[in-house]
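Here, each number is a calculation from the coordinates, and none is a lab measurement. Because the structure is predicted, anything quoted here is derived from the model rather than measured. With ideal geometry, Cβ positions are generated from the backbone for all residues, glycine too; neighbour counts draw on all protein chains shown.
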Amino acid sequence: MDNLVKGWEVIIGLEVHAQIATKSKLFSSSPTEYGADPNSQVSFYDAAMPGMLPVLNENAVDQAIKSGFGINGTINKISRFDRKNYFYPDLPSGYQISQLYHPIVTDGHIDIELQDGSVKTIHVERIHIEQDAGKSIHDLSPEFSYVDLNRAGVPLMEIVSKPDMRSPFEAMQYVRKLRMILRYVGSCDCNMERGNLRVDANISIRKPGELLGNRAEIKNINSIRFLGQALDYEIERQIMLKENGEEVCQETRLFDSSLGETRSMRSKEDAADYRYFPDPDLKPVVLSDERIARLRAEMPELPDEKHARFVAEYGISDADANVLIEDKETAAYFERAVAASKFKPASAKLIANWMISELFAVLNKEGKTIETVGFPIEYMAELVDLILDKTISGKIAKTVFAEMAQSGSAPAKIVKDLGLVQIQDEGAIRKVIDEVIAANPAQVAQYKAGKVQLFGFFVGQSMKAMQGKGNPEMINKILRETLG
Ligand code: MN
């Protein structure tokens, strides 16, 4: 069996909280905008004033349904809200409204790619809609704790996987893929630094064939790297316990990213501890066939579909397609550049290469995105066309690209202004090569005596004499003829 760690099988299931991209909260009209002054986005309802009633944000429901399509799930025509009762200072009502018994989406799945390129299906048990809580702030004062209710009532999707993952890598791939899907759907911006996508990881270990052991839940992990670190740490901790004959406690733990370790927070509650019951202020959510069909029709092309199409339609490699579909904007840029090329679709592969190497390097270096880069998409196509119609060599194209990124000028203009047109005149190339051979009699003698690796020396000297503008294939061909 694969993936065993010191003879132990690792079982991981993830609960992801994704903030639904809506302007207002789940049950009130307060804004959800990030970064506002504390408690400036709190209605009477959010503060749980007596007599205030919830009004369901239908757009949040629509977004959850589309996310359900995104994970190939079943959309349930009837779902219902329950109250999950617990006390916490940042939860003024004393309960969170969630969907325990009748979630809006069930039985989905997501395919992830493993290290060896194979595909594994991870099942998604459910997506339910719920409210976020407020935020307690303990580090502003030595005497007091503060509460900010701006987040209270913000709509979340809780996306619960089956315990299908067998390594930290699989868990990280799952979150990457889920994030990509939600961004394509547009239902969550998935900004993990802002807490818009948080991961709770359930992890246990067992000997192969044994029943599931006690699990630890690591709460609120806000980066994919931390998820990997927290799981790595937890695997070691649980193996150490079991191999010392101790049991793993069923508990909730926190990951401390500065120490790289998890620590106990509280023992894990069961559903019964929360005294769930249907919220009497909210009707069940009943979806019409028309609404479901309309939302289905609004679905964008999803990452897996786009990947398959890019490989089939443009003949690019799996690996290149993976990079280009990472986000919708990059994929759209690629398609628009290909569309602008005179040599489409044959130019697609070269456009993909230039984007992945040169363009991404410039974006990284200048801290820009594909939307803010300083030249139009058509120039990317023009540059590749200049290579394909043999006006410039690939080597010279790098100079042109650097100049284009710097000045924003069109590639053809740069080639003309800097005199970079490729030398393809056979007579001119032959003349230069004759001069190179005449100037290096010692090397010619060595080459003829069998030191064939000197061929590269002659290519380099000829190219240098033509300031890098000679057609490389022609130089090679003529040199071979001349040197014999
Ligand atoms: Mn939750």
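Descriptive notes on the structure:
- Most positive-pole-ward Cα, Ile377, Ala397, Leu363, against dipole of region 303-418 from beta carbon charges: Ala397
- Helical runs assigned H by DSSP (4 residues or longer) give the chain a calculated mean residue ellipticity at 222 nm of -11500 deg cm²/dmol, each run adding -39500 (n - 2.57) before division by the residue total.
- Principal-axis analysis of the Cα atoms of the chain puts helix 472-483 at an angle of about 40° to the longest axis.
- Fewest-first ordering of Ser258, Ser341 by other beta carbons within 10 Å of each residue's beta carbon gives Ser258, Ser341.
- Relative contact order (%) - the chain, alpha-carbon pairs under 8 angstrom, separation at least six: 13 percent
- Spin-label pair Asn440/Gln115, simplified geometry with 7 Å Cα→Cβ offset, distance in nm: 4.5 nm
- The chain, dipole about Cα centre (Lys/Arg Cβ +1, Asp/Glu Cβ -1), debye to the nearest 20: 1320 debye
- Fully extending the segment from Leu388 to Gln453, taken as 0.36 nm per residue of separation minus the present Cα-Cα distance, adds 20.5 nm.
- Mean separation of Cα contacts under 8 Å, 6 or more apart, over the residue count of region 426-483: relative contact order %: 44 percent
- Within the chain, the ratio Rg/Rh, alpha carbon atoms throughout and Rh by Kirkwood, equals 1.12.
- Net charge over other residues, Cβ less than 12 angstrom from the Cβ of His17 (K, R count +1; D, E count -1): -2
- Applying a DSSP loop filter and a limit of 14 other Cβ atoms within 10 Å to the trypsin sites (Lys or Arg not before Pro) in region 431-484 leaves Lys451.
- Ranked by the mean number of other Cβ atoms within 10 Å per residue, highest first, peptides 356-363, 373-380, 181-188, 135-142 order as 181-188, 373-380, 356-363, 135-142.
- For region 178-269, the Kirkwood estimate of hydrodynamic radius, built from reciprocal distances between every pair of different alpha carbons, is 14.4 Å.
- Net length available on complete extension from Met299 to Tyr34 is 92.8 nm, with 0.36 nm assigned per residue and the Cα-Cα distance removed.
- Helix 455-465 and the long axis of the chain differ in direction by around 90°, with both axes built from C-alpha atoms.
- Nearest 10 degrees, 0 to 90: helix 426-439 Cα axis against the chain principal axis: 80 degrees
- Cα centroid of region 1-46 to Cα centroid of region 62-98, whole Å: 11 Å
- Calculated FRET efficiency for the pair Gln406/Lys283, C-beta based, R₀ 56 Å, to 0.05: 0.40
- For the chain, the antiparallel share of DSSP beta bridges with both residues in that region comes to about 90%.
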